[in-house]
Amino acid sequence: MLDGVRNNLLRGWPLIIIISVCALPFVFLGTGSLGTVFGSNYGSVNGEQVEEIDIQVAQNRVIQNYRDIFGDDFDFGILPQDQQAQAINNEIIRQKVLLAEVRSLGLINKEEINSAKKEIIRNQDFYVDGNFDEGRFEAFVNANGFTKDAFIEMLTRIEATNKYTQSITSNFTTDEEVKDFIKLIEKTVDVTFIKVSYEDILNSVSSSLEEQTDYYLNNKDSFLSDEKRSLKFFKLSNIDFIDSINIPEDYYEQAYEAYVQEVNNSKQKRISHIMIDKINYDDESEALSAINAINEKLINGDNFEELAKEYSEDLLTKDSGGDLDYFSPDLFPDEFANEVDNLSLNQISSVINLETSIHILKVTEIYQDELLSFDEKRLALEEDLIEAESSAILNEEYFKILDLIDSNSNFIDIQDQYNSEIFNIEPVSYANFSNTDLLAYKDDIFSAGNEINVISNNEELIVYFIDEIYEPTELTFTDVQEEVNNILNNEKALGIRENILLDLESLSKENFIEFSEKHNYLSVENFVNVKSNASILPREVVNELFVKELNSTSLIATANDYYYITIDEIELPSDEIVAELLEEYKSLSLDQVNNKIFAIINDELYSNLRNDLRIGVN
């Protein structure tokens, strides 16, 4: 139940998670997209209030989990709304259940607060000229709707929960638990057994010609040949209709004009920005003064990228000179589009005043597909036309042939209209059918009657006709003698084995050797010091050995053979050996211990769940 918690909380430093989750909604538009919703009440889990940031973090983790499973291109948005909401709800419940337990254990304390502050100070995103800059840190948290104290409190909660999760999901156990595990793994048994080999029994039996003949005569209707079919077919492909394609007189000119338009539409502009966030100023006039001062420097020839690094208040893009990648109308405000449309390479926009932020844009790159000349493009246009038209004609012929079939035209009449070569397939069974043209349609061919069929696969048409169906016939004794012999010998071997198994039920260990000497397909063996990971016996046998008591007997079945075993000795490792192996085993990944811990987590943390969560997906 807690796999998701472990996978997410143990991935990376908590501060990095918070920065990546919090900053993304504010990359382009400042803080207005979320306003002051942080702190809003979305219900509670085990007494822990759920806030907007909890939803943001949970959604980020859920999306990452889906991408870990389905790949980085997975779009969380394609899931139904109720499924998205349920996944996020479940993640929030995991977070808050653990946080409630952390609080009850007193793990959120002064030491953890100091630890969180140290993580902030270590983070290079808050450094200027090699030193931690408190103003830069404060600008980041303010831009994301926090005070410094609230941000530190949130980081403390996540880090404390992280440490707690690491402790309960680690392989920590007491020495006594590890010692018990060592005794289980290092335990050995001595075993004596009779192996009943089915292959040896089968090799010891035979069937006479009279037995084989009698069996055949009494079961003749079981030995039939496979149904066979013969058929004829012809093929039509795209290239058969190339000569019938008429290229319109003005086709190349019109197609080239459309191509030019397509190339023009492929133009993309890469942009950078310098952003002033209004939340950092007492009023809008101060923010406008700040952006106008930067704009004046640009007019005077200062470098845009350097000014972005120095003055932009978008913390995620300023270090890259304000780079926003290629412009897309779906991702940016309409006000950006109006400016970008009129900007050429390296041109700078006027000041763009949005509701919560102010921007200056620059076009840093322009990408456009290469425009080929008319002569260069003509051959490709001709090839495209011929491919499209020949496929269209082939599709029309498909429906014409269906109409001919419906009008009861015979195979030869249809073939005459196309003057195509007829191919013949001689009588063949389903198992031996291997014609490469029709192999993919084998199931259809052997389920159809004596009718004409047409197959279309976009590149060619295949018209086939079942010429004749050869029904199954009784096979001669000579044809099936080997099969009959195998049937009889297996019946005899199974009967012998069943009788042996009945005898073994009343057999004592003292009579093992005497009993086995009567049958050359039995063997008696003795193994000593067999461990639970031994490979000298089949796994089914070894598994059974370690759940049996001393002097007990068991009949154990494998794929074909049986083992009749007696446990002669059970030996546990000495205390000295256990002590020697203790450190080695403590470092192993013990699945049994993990399972026990997860069961405790489930019982203790989730059994008294109090959930009043009220969120959905907008």
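Within the set of pairs 6 or more residues apart or between chains, which connect a residue that is at pLDDT 75 or above inside segment 577-595 to a residue that is surrounded by 13 or more Cβ atoms within 10 Å (Cβ to Cβ) and assigned to a loop (DSSP other than H, G, I, E, B) with Cβ atoms less than 7 Å apart?
none
Enumerate the pairs (first residue in segment 62-77 and of a type in the set (D, E, K, R); second residue anywhere and at pLDDT below 80 and surrounded by 10 or more Cβ atoms within 10 Å (Cβ to Cβ)) with beta-carbon separation below 7 Å, excluding pairs fewer than 6 apart on the same chain, so at least 6 apart or on different chains.
From residues that are of a type in the set (D, E, K, R), the pairs are 67/74.
Quick one: which of 382, 355, 389 is of a type in the set (Asp, Glu), out of contact with any strand residue (DSSP E or B) (no Cβ under 9 Å at 6 or more places or on another chain) and loosely packed, with under 13 Cβ neighbours inside 10 Å? Full working, then the answer.
Numbers: 382 fails: loosely packed, with under 13 Cβ neighbours inside 10 Å; 389 fails: loosely packed, with under 13 Cβ neighbours inside 10 Å.
Sole residue among the options that is of a type in the set (Asp, Glu), out of contact with any strand residue (DSSP E or B) (no Cβ under 9 Å at 6 or more places or on another chain) and loosely packed, with under 13 Cβ neighbours inside 10 Å: 355.
Of the residues in segment 431-465, how many are farther than 22 Å from residue 399 by Cβ and touching a helix residue (DSSP H, G or I) at 6+ places or on another chain (Cβ under 7 Å)?
Qualifying residue count, segment 431-465: 1.
Look at residue 546 and say whether it is touching a residue at least 12 places away in the same chain (Cβ under 8 Å), out of contact with any strand residue (DSSP E or B) (no Cβ under 6 Å at 6 or more places or on another chain) and surrounded by 11 or more Cβ atoms within 10 Å (Cβ to Cβ).
Against the criterion (touching a residue at least 12 places away in the same chain (Cβ under 8 Å), out of contact with any strand residue (DSSP E or B) (no Cβ under 6 Å at 6 or more places or on another chain) and surrounded by 11 or more Cβ atoms within 10 Å (Cβ to Cβ)), residue 546 qualifies.
For segment 224-238, state whether one or more residues are of a type in the set (Lys, Arg), outside any strand (DSSP E or B) and surrounded by 14 or more Cβ atoms within 10 Å (Cβ to Cβ).
Taking every residue of segment 224-238 in turn, none turns out to be of a type in the set (Lys, Arg), outside any strand (DSSP E or B) and surrounded by 14 or more Cβ atoms within 10 Å (Cβ to Cβ).
For segment 302-320, how many residues are in contact (Cβ under 8 Å) with a residue 40 or more places away in the chain, assigned to a loop (DSSP other than H, G, I, E, B) and either within 14 Å of residue 348 (Cβ to Cβ) or not assigned by TED's automatic domain parsing to the domain that holds residue 274 (or both)?
0
Considering only residues of segment 244-285 that are basic (Lys, Arg) and surrounded by 12 or more Cβ atoms within 10 Å (Cβ to Cβ), which is farthest from residue 369 (Cα to Cα)?
278
Find the helices (runs of 4 or more DSSP H) located wholly in segment 90-174 whose residues include 3 or more that are closer than 26 Å to residue 281 by Cα and modelled with pLDDT of 75 or more, and list them.
Fully inside segment 90-174 and qualifying: 134-143, 148-168.
The values are calculated or read from the model by the stated rules, or taken from the named source; none is laboratory data. Note that the coordinates shown come from a computational prediction; the quantities given were computed from them, not determined experimentally. In this analysis, Cβ positions are derived from the backbone assuming ideal geometry, glycine residues included, and neighbour counts consider all displayed protein chains.
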